[in-house]
Amino acid sequence: MDNQNELSVANLNGIASRIALVAETVGGKRRLAELIQVSESQIHRYSAKDSDPKISVLLSMAAVSGVRLHWLITGEEPVLCQEGSDGPVSIEQEFALIPGYNVHVSAGNGTLPLDEQPARRLAFRHRWLQYRGLNAKNLVMVYARGDSMEPTIADNDTLMVDTSDTVPQDGQIFVIRNDGHLLVKRTQVAPGQGVWLLSDNANYDRLLLNLNDTPDLDVIGRVVWIGKNV
């Protein structure tokens, strides 16, 4: 192994997790591959610890993502150098880590297990959230299941849900628990009747719910971001 151009296997585990985080911050593994001009499959191998990245590759990753090369290699903070500041900043200062749960909406029983340890966390810049009027403390990530909301939401898409926004609005998409099932549907308020749950896929019928009289009904929150598989 060329010690000047490659990294030791002992460091590979931590580097793999940091590469995965870098990919999330730039828009996913495919986007990272495009930015540094390598194949997407190679990025998957790096983040799965199946391949040892060269220093030249890590330099490119650091350049396109704004992280420090030293952090990418060693894991030692600070992570970023913020332009116009007095010095480097940590990842917590630059990013909000939104908890993700192994919960599928549109099928399955139960509610969001917000009191349990999240299965993963996705990084979003604080500035991006603030621009959209979102508070990181109110956000959770879940998965979509099924095709009832296609083409807007596809099977296994990642959904960011604002749990502070629980009042249905016309044309907005909400996660709703009804009779033990978690649904993701577009809503339309029917004055004096309740709320229509609409599927973007025309093959599915709409459903009218009375929010006051329907037992075991709970509006979990509004979908504010959709992460798609390409």
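For residue 150, work out the one condition from (1) in contact with a Leu (Cβ under 8 Å, 6 or more places away or on another chain); (2) of a type outside the set (Lys, Arg); (3) within 23 Å of residue 198 (Cβ to Cβ); (4) at pLDDT 90 or above it doesn't fulfil. Condition (1) is where residue 150 drops out. Filtered by the rule that a residue be among the hydroxyl-bearing types (Ser, Thr, Tyr) and either surrounded by 14 or more Cβ atoms within 10 Å (Cβ to Cβ) or assigned to a strand (DSSP E or B) (or both), the stretch 125-167 gives 143, 148, 152, 158, 163, 166. Here's a check for you: in the stretch 168-196, which residue that is farther than 16 Å from residue 144 by Cα and surrounded by 21 or more Cβ atoms within 10 Å (Cβ to Cβ) is modelled with the highest pLDDT? Taking the candidates together, the pick is 187.
For the stretch 22-54, the tally of residues that are in contact with a strand residue (DSSP E or B) (Cβ under 8 Å, 6 or more places away or on another chain), at pLDDT 85 or above and part of a helix (DSSP H, G or I) stands at 1. Out of everything in the stretch 205-216 that is surrounded by 14 or more Cβ atoms within 10 Å (Cβ to Cβ) and modelled with pLDDT of 80 or more, what residue ends up being nearest to residue 156 (Cα to Cα)? Per the stated criteria, the residue is 207.
The values are calculated or read from the model by the stated rules, or taken from the named source; none is laboratory data. The structure displayed is predicted, hence computed values, not measured ones. A quick note on method: Cβ atoms are made from the backbone with ideal geometry, for glycine too, and the neighbour counts reach across all protein chains shown.
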